[in-house]
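Notes for the one structure printed next.
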Amino acid sequence: MSLDRAKYERLFLEETSEYLAEMSQSLLSLEKDDAFVESVDTIFRLAHSIKSMAASVGQDDIAIFAHGLEDRMQAIRTRGSLSDSGELSLLFRALSQLEEMIRSVHTVGATVSLGSDVFMALKSAGPDDSEPAHAGAGAHAPKKARS
Amino acid sequence: MATVLIADDASFMRQMIREIIEPEGYEVVSEANNGVEAVERFEEFSPDIVTMDIVMPKQSGIDAVKDILFRYPAARIVMCSALGQETLVMESLEAGAMDFIVKPFKPESVLGTLEKILEKEI
């Protein structure tokens, strides 16, 4: 059997639009140093969902980028804090690039290169980022959570 | 006809599972978009099978598996995982989930897994 790809591409765009807005709100909370654990969990979970949905509609570059963001959020969760103000800036830039990649699906497919500085920065290990990303949202508490 | 509860926080994924299984005769009796709802819906509908996402808000899929199996040891639960979640899949199976399917879903894999766990004796 085959699934209606056009239908799922439309659903992908609709649902990711909501997710990106929610991610943006969570990043603003992080910027205000508010609800750290919830905000990190939310961004992790949404990046994870975008990864799975993108892979399901054949948007592999978006899936890979979202996976990079998911891994970075897991590292932050494990660390229990942002490493510095530059990491928050990186997350905002990552969200902006993810939005751009998803927006481009409307027209010519995901055209933003994975070789971008943002993706490379996401994938580069920060301090204490040696643990792999395996935990699900709510599955494990961060080691040094602050609320 | 086997009844199914689909638990996933992404509407996209719930629709995809539904579209794969309904033409094959499965009846989706309810959906849940977080772990807490999954437990509540299980108690309400007593489905033959639950497809359970791992990463969900409020309560993870793994904790929902533990809650359901604590009260209903004969529940048949299939985890929905993504690449890179091998550790959590193992944790889910240790908690009592019967099998897992990997996103992005392949219809034949989803259907084969559901068929297989329905045949298992509990």
Taking the stated definitions as given, is A:Arg79 at negative phi and either more than 14 Å from every other protein chain (Cβ to nearest Cβ) or surrounded by fewer than 16 Cβ atoms within 10 Å (Cβ to Cβ) (or both)?
yes
Tally time: how many residues in region B:81-104 are in contact (Cβ under 8 Å) with a residue 24 or more places away in the chain and farther than 19 Å from A:Glu70 by Cβ?
4
Does at least one position in region B:77-100 carry a residue that is modelled with pLDDT of 95 or more, surrounded by fewer than 20 Cβ atoms within 10 Å (Cβ to Cβ) and closer than 21 Å to A:Met1 by Cβ?
yes
Looking at A:Phe36, A:Phe44, which one is more than 19 Å from B:Arg14 (Cβ to Cβ), aromatic (Phe, Trp, Tyr) and modelled with pLDDT under 95?
A:Phe36
Taking the criterion of being away from chain A (no Cβ under 14 Å), of a type in the set (A, V, I, L, M), over 24 Å from A:Ser56 (Cα atoms) and without any contact (Cβ under 8 Å) to a residue 60 or more places away in the chain, would at least one residue in region B:108-118 satisfy it?
no
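If you check A:Glu9, A:Glu14, A:Glu22, A:Glu18, which single one turns out to be of a type outside the set (Phe, Trp, Tyr), in a helix (DSSP H, G or I), out of contact with any Phe, Trp or Tyr (no Cβ under 9 Å at 6 or more places or on another chain) and free of Cβ contacts under 8 Å to residues at least 12 places away in the same chain? I'd like the intermediate steps shown before the answer.
Details: A:Glu9 fails: free of Cβ contacts under 8 Å to residues at least 12 places away in the same chain; A:Glu14 fails: out of contact with any Phe, Trp or Tyr (no Cβ under 9 Å at 6 or more places or on another chain); A:Glu22 fails: free of Cβ contacts under 8 Å to residues at least 12 places away in the same chain.
Of A:Glu9, A:Glu14, A:Glu22, A:Glu18, the one residue that is of a type outside the set (Phe, Trp, Tyr), in a helix (DSSP H, G or I), out of contact with any Phe, Trp or Tyr (no Cβ under 9 Å at 6 or more places or on another chain) and free of Cβ contacts under 8 Å to residues at least 12 places away in the same chain is A:Glu18.
Considering only residues that are among the small types (Gly, Ala, Ser) and within 14 Å of another protein chain (Cβ to nearest Cβ), look in region B:27-58 and name the one that is nearest to the chain's Cα centre (by Cα).
The initial filter retains those residues of region B:27-58 that are among the small types (Gly, Ala, Ser), namely B:30, B:32, B:35, B:38, B:46.
Applying the additional criterion that residues be within 14 Å of another protein chain (Cβ to nearest Cβ) yields B:35, B:38.
Numbers: B:Gly35: 11, B:Ala38: 9 Å.
Ranking the qualifying residues of region B:27-58, first place goes to B:Ala38.
If you go through region A:21-50, how many residues are of a type in the set (A, V, I, L, M, F, W, C) and more than 14 Å from chain B (Cβ to nearest Cβ)?
Pass one, region A:21-50, residues of a type in the set (A, V, I, L, M, F, W, C): A:21, A:23, A:27-28, A:30, A:35-37, A:40, A:43-44, A:46-47, A:50.
From the residues that got through so far, the ones that are more than 14 Å from chain B (Cβ to nearest Cβ) too are A:21, A:27-28, A:30, A:36.
Number satisfying all stated conditions: 5.
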Quick check: is even one residue across region B:63-84 more than 18 Å from B:Phe12 (Cα to Cα) and polar (S, T, N, Q)?
no
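Okay, residues lined up against (1) at the interface with chain B (Cβ under 10 Å from one of its Cβ atoms); (2) surrounded by 16 or more Cβ atoms within 10 Å (Cβ to Cβ); (3) more than 23 Å from B:Gly61 (Cα to Cα):
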| position | (1), (2), (3) |
| --- | --- |
| A:Ser56 | yes, yes, no |
| A:Arg72 | no, yes, no |
| A:Ala75 | no, yes, no |
| A:Ser89 | no, no, yes |
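Out of all the residues in region A:50-59, which are in contact (Cβ under 8 Å) with a residue 24 or more places away in the chain and either part of a loop (DSSP other than H, G, I, E, B) or farther than 12 Å from A:Glu18 by Cα (or both)? Show your work before the answer.
Keep residues of region A:50-59 that are in contact (Cβ under 8 Å) with a residue 24 or more places away in the chain, which gives A:50, A:53-54, A:56-59.
Answer for region A:50-59, where residues must be in contact (Cβ under 8 Å) with a residue 24 or more places away in the chain and either part of a loop (DSSP other than H, G, I, E, B) or farther than 12 Å from A:Glu18 by Cα (or both): A:Met53, A:Ala54, A:Ser56, A:Val57, A:Gly58, A:Gln59.
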For region A:42-50, does any single residue satisfy the condition of being among the aromatic types (Phe, Trp, Tyr), under 21 Å from B:Lys58 (Cβ atoms) and crowded, with 21+ Cβ neighbours inside 10 Å?
yes
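The values are calculated or read from the model by the stated rules, or taken from the named source; none is laboratory data. Treat the numbers as computed from the prediction; the structure is a model and nothing was measured. Cβ sites come from the backbone with ideal geometry, for glycine too, and all protein chains shown count toward neighbours.
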